[in-house]
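I have placed the structure first, in the form of structure tokens, so that the comments after it can refer back to it.
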Amino acid sequence: MRHILTATVMNEPGVLAHVANMFSARGFNIDSLVVGRTEDPNFSRMTIVVTADERTLDQVRKQLAKIVTVVKVRDYKETPYVSRDLMLIKLSAASSSRSEIIELAALFRGRVVDVGMSSLMVELSGEEEKLDAFVELVRPYGIRELARTGVIAMSRGAATNAAADEEVRTDQRPATARAAVRQPLSGKRQPTQQELEATPPG
Amino acid sequence: MSTSTSPIGAGANVPAAKTTSKAPHPVVAAPLHGAGSIVVENVAKATESTAGGLPVLGRPTGKTDRFNGMTGAQILLQMLLEHGVTDAFGYPGGAILPTFDQLYEKQLNFILVRHEQGAGHMADGYARATGKPGIVIVTSGPGATNTVTPLATAYMDSIPMIVFSGQVRSYLIGNDAFQEADVTGITRPVTKRNYLVKNVRDLPRIINEAFIIATTGRPGPVLVDLPVDVTTGKIEDAVDDTPYLPGYKIFKAGHSKMVKAAADLINASERPVLYVGGGAILSQAWPHVREIARKGNIPTTTTLLGLGAFDENSPLSLHMLGMHGSAYANYAVQESDCLIAVGARFDDRVTGNLKLFAPKAKIVHVDIDPSSISKNVKVDVPVVGDARLCLEEMLGLIESRPRSSWLAQVARWKAAFPFAYKDDTALSKPQAVIEAINKVTGGKAVFTTGVGQHQMWAAQFVRWSIPRSMITSGGLGTMGFGLPAAIGAQVGRPNELVIDIDGDASYIMTAMELATMSQYNLPVKVAILNNRFQGMVRQWQQLFYKGRFSHSEMVNPDFAAMAESFGIRGLRCHRKEDLIQCVEEMVNHPGPCVVDFLCETDENVYPMVASGKGLHEMELGIVGSAAPNSNREMGTLA
Ligand SMILES: Cc1ncc(C[n+]2csc(CCOP(=O)(O)OP(=O)(O)O)c2C)c(N)n1
Ligand SMILES: [Mg+2]
């Protein structure tokens, strides 16, 4: 299964290396990993796409959370979310095929951002599948160069992923269970999802 | 922290939402604002309570001008003292000289080693023996890279340790300057956290963070890389030394619902087994382990790192389990209907073939690291938290039950399959040497080991009963660990008997530390089980490589004479009749002493679970010969 995770990380050198290293050292496969700035200059956000079964995903989540410079981990298994990938694609475009390509790009809500004597560059964003479909459609014209950013994602609704918000440390549980009650200061913590799932003895 | 001078009132019970992002170095892991799953103790709290019996922060933190006019090196020394550091290990060099200049006044007991690897293992041995973090100070480049093996060793076994390494001036970093190495890059996978300090103003905060990270939660090593301009640079006005760890989680008590579920499972079980690892030592959970075992009549086995957490003289003790564990521990685990893992991580040396592991058992796993849970073995009741706190709560819920038929079964296994060897050679059997050491000391000493057969025999033939008395490299299996770890343990516990039970090949990997032992007159005893082989390698080559002993035979120096050349008492024990006398002489010698025990070469460690086999499919070897009939299958005794 393909999963999207986001990790809010401290904005300092070495964090990316640490995360990348952890993935390779533990044999997890990354489909894509995107790092960028957030609303808070102290933190960056990584969006990681992995193909993994449930158990591996669980490990990936926990191992990410264990890294001291990783502040918050979230997966989108059970949350409605928006995801986007951005692509620049340079196509061979003889004058005969140019208008067809422009039309296709328009259909996909892409934009032509550069035109040469025999080439066209299209900018396109959207879900990965949409970009994949476009690539297949234009392949016959001849793809000269292609660059994609990889996926970024954000949950729908008012809930945020901000590093400093109140949910900072709820990353041990999938998002759905996270609407949980706040912790009384002296109280016992709530069980983790894993604990909840565990069958108490009969 | 409650007395913090931080402008935003670090430690006050304010939800840290939003405020954290505005303050430059805001609150430490903001107070318990976790919705839901995890208790992240306010670090102030976490530091009042202890990782190993020591306060982590010696004083409140916050915006302070107490460092004004001080250099980085002065700050480092002062803060080490404030954090309760009394001893450190290391080796100088150009890039760390500003710090060494501070050590000149001898406010710290500093041990000059002979190789930085030695410093690392000494700090590790010190930490395991005392529960305090081990401190290492080394220079840049080769000095720092020489600590990689000790860092990896400590990381695998979750040992609190901090390495301060010199680094070239920060403006030279990246230029391939003399003795420059990307030390944070090299050590990242083997540290819990590492830092390159870029500005002396960050140093106080980073030192506080380093101590917190090394000693709390699942402990581990931290490295702090110190460029020369940081250690020579001065702080001119107020800085904030409040730790800033927004991503750091410290699990404390387990969730009561899960503790209750675990207790219910245990109470309902007929054949429970406690399986106790190094985490029980790190969290000082051993009194609770013992009490739970006693109350519930629960047979208890430990891992290599858990040795000492349980009293092996108890009839409930199953001794060590796993690849070279006791037959009865392995049988009990395989027959158990409820396996309670405490601070253990289901390492492959413990479980054998995972598919065949504990097939009849429901599994309870108490661990502070959520990533350890269900990593290798699917757990039925996970309890995430500090082992001591979790067991404390569980203790009240455990019902007193006789479980007499299970205990009778365990007793039959114990009688039938004791650890054994045949004393049938002219030379001493290595096991006999360890038995003699155990006899003379009553197991009341701090032991360290190298890695190999002798390590396994030490685990099998010393009767462990005291926590922090077995110091050995479990996860990484680092040969050469024994001698420096013993030196570190002796520094930490100067009035106690410290014995390194070592292999000839392991010993010589770091034997230059004899000079350190001699210089500081540390009365460490070294018992070399000299089989003139990398015995464990020889065993595998004999069993799995048709006896082709490729590069495993050792041509050794005269170890006694070698010790003498360092000014250390060196003895030879070549006749098995002299064993007890030699051990007595070693133990009674007031100073450091090395004894070369000449041992039989062709001896193998049994029981042995070959790779791919289940625990119950172990080769019993000599251990099976004491069984009452020729039928050595566990089933026939059941
Ligand atoms: C640094 C290191 N290198 C290699 C090994 C692989 N290894 C494991 S045990 C062993 C032999 C140890 O020989 P010795 O110290 O004499 O102990 P013995 O098995 O003979 O008791 C070797 C080479 C290791 N564990 N550590
Ligand atoms: Mg040997």
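The values are calculated or read from the model by the stated rules, or taken from the named source; none is laboratory data. Source: prediction; values computed, not measured. Because the Cβ atoms are built from the backbone with ideal geometry, glycine has one as well, and the counts that use them run over all protein chains shown. Remember, those area values only see protein heavy atoms, side chains included, never the ligands or the DNA or RNA. Shrake-Rupley method; radii C 1.70, N 1.55, O 1.52, S 1.80 Å.
For segment B:256-416, the gyration tensor built on C-alpha atoms gives a rounded shape. Its axis ratio a/c (a ≥ b ≥ c) stays under 1.5. The residue list A:Ser44, A:Leu64, A:Ala17 was ranked by how far each Cα lies along the charge dipole of segment A:2-75 toward its positive end, using unit charges on Cβ atoms, and A:Leu64 comes out on top. Ignoring lysines fewer than eight residues from B:Lys63 along the same chain, the ones with Cα atoms less than 22 angstrom from its Cα are B:Lys18, B:Lys22, B:Lys45, B:Lys198, B:Lys234.
For B:Thr64, the amide hydrogen comes within under 5 Å of the amide hydrogens of B:Val239, B:Asp240, B:Asp241, counting only partners 5 or more places away or on other chains and with H modelled in the peptide plane.
Counting only DSSP beta bridges whose two residues both lie in the protein assembly as shown, roughly 40 percent are antiparallel.
Could you work out the helix-only [θ] at 222 nm for the protein assembly as shown, with each DSSP H run of four or more residues adding -39,500 (n - 2.57) and the total divided by the number of residues, to the nearest 500 deg cm²/dmol?
After summing the helix terms and dividing by the residues of the protein assembly as shown, the value is -9000 deg cm²/dmol.
Diffusion of segment A:1-102 by Stokes-Einstein, at 10 °C in a medium of 1.306 mPa s and with Rh set to the Kirkwood radius over alpha-carbon pairs, works out to 103 µm²/s. Packing-based ranking of B:478-487, B:135-144 yields B:478-487, B:135-144, ordered from highest to lowest mean Cβ neighbour count within 10 Å. Heavy-atom surface analysis with a 1.4 Å probe gives the protein assembly as shown a carbon and sulfur content of 52 percent of its accessible area. In terms of its C-alpha gyration tensor, chain B comes out oblate, because a/c is 1.5 or above while a/b does not outweigh b/c.
The convex hull defined by the C-alpha atoms of the protein assembly as shown has an orientation-averaged projected area of 39.5 nm². The value of relative contact order for chain B, using C-alpha pairs under 8 Å at least six residues apart, is 13 percent. When the pairs B:Lys132/B:Lys295; B:Lys192/B:Lys257; A:Lys77/B:Lys375 are compared against a 24 Å limit on Cα-Cα distance, B:Lys132/B:Lys295; B:Lys192/B:Lys257 fall above it. Dipole size of the protein assembly as shown about its Cα centre, with +1 on Lys/Arg Cβ and -1 on Asp/Glu Cβ: approximately 1500 debye, rounded to the nearest 20.
Placing a pseudo-label 7 Å from each Cα along the Cα-to-Cβ vector at A:Val113 and B:Glu577 gives an inter-label distance of 9.1 nm. For segment B:430-598, the equivalent ellipsoid derived from the alpha-carbon gyration tensor has semi-axes of 24, 17, 16 Å in decreasing order.
On a per residue basis, segment B:256-416 carries 30 Å² of accessible surface, using protein heavy atoms and a 1.4 Å probe. At the residue level, A:Tyr141 shows approximately 60 square angstrom of accessible surface with a 1.4 angstrom probe and all protein chains present. Counting only protein heavy atoms and a 1.4 Å probe, segment A:2-75 has 38 square angstrom of accessible area per residue.
What percent antiparallel are the DSSP beta bridges of segment B:430-598, to the nearest 5? Please report the intermediate quantities before stating the final value.
On the way: 1 of 23 bridges.
Looking only at bridges with both residues in segment B:430-598, the antiparallel portion is about 5 percent.
Within the same chain, aspartates and glutamates fewer than 8 places from B:Lys525 are excluded, and of the rest, those with a Cα less than 12 Å from its Cα are B:Glu496, B:Asp500, B:Asp502, B:Glu584, B:Glu585, B:Asp596. The Cys residues in chain B with no partner Cys Cβ within less than 4.7 Å of their Cβ are B:Cys338, B:Cys390, B:Cys593, B:Cys599. Here the Karplus curve 6.51 cos²θ - 1.76 cosθ + 1.60, taken at θ = phi - 60°, turns the phi angles of segment B:248-253 into couplings of 9, 10, 10, 7, 10, 5 Hz, with x standing for Gly and Pro.
Our coupling estimate for segment B:224-230, obtained by passing each phi through the Karplus curve with A = 6.51, B = -1.76, C = 1.60 and θ = phi - 60°, is 10, 8, 10, x, 4, 6, 7 Hz, Gly and Pro reported as x. For A:Arg26, the accessible surface of its heavy atoms amounts to roughly 110 Å² (probe 1.4 Å, protein chains only, rounded to the nearest 10).
The heavy atoms of A:Val82 present about 50 square angstrom of accessible area, all protein chains included, probe 1.4 Å.
Database remark: amide H of B:Ile111 closer than 5 angstrom to the amide H of B:Ala88, B:Phe89, B:Gly90 (H placed geometrically; neighbours at sequence offset of 5 or more, or on other chains; Pro and chain starts carry no H). Whole-Hz Karplus values for segment A:11-24 come out as 7, 8, x, x, 5, 4, 4, 4, 5, 4, 4, 4, 4, 6 Hz, taken residue by residue from phi with 6.51 cos²θ - 1.76 cosθ + 1.60 and θ = phi - 60°; glycine and proline positions read x. Per residue of peptide A:58-68, the mean number of Cβ atoms on other chains within 10 Å of the residue Cβ is 5. Computed from label points 7 Å out along Cα-Cβ, the spacing between B:Lys295 and B:Ser400 is 1.1 nm.
For the peptide B:252-258, the mean number of other protein chain Cβ atoms found within 10 angstrom of a residue's Cβ is 5. Would you mind giving the total buried accessible surface between chains A and B, with a 1.4 Å probe and ligands, DNA and RNA left out, rounded to the nearest 100 Å²? Counting both chains, the buried surface is close to 4500 Å².
Taking every DSSP beta bridge with both residues inside chain B, roughly what % is antiparallel (nearest 5)?
Around 5 percent of the beta bridges assigned by DSSP in chain B are antiparallel ones.
Counting only lysines at least 8 places from A:Lys130 when in the same chain, those with an alpha carbon closer than 19 Å to its own are A:Lys90. Counting Cβ atoms of other protein chains within 10 Å of each Cβ in B:240-249 and taking the mean gives 5.
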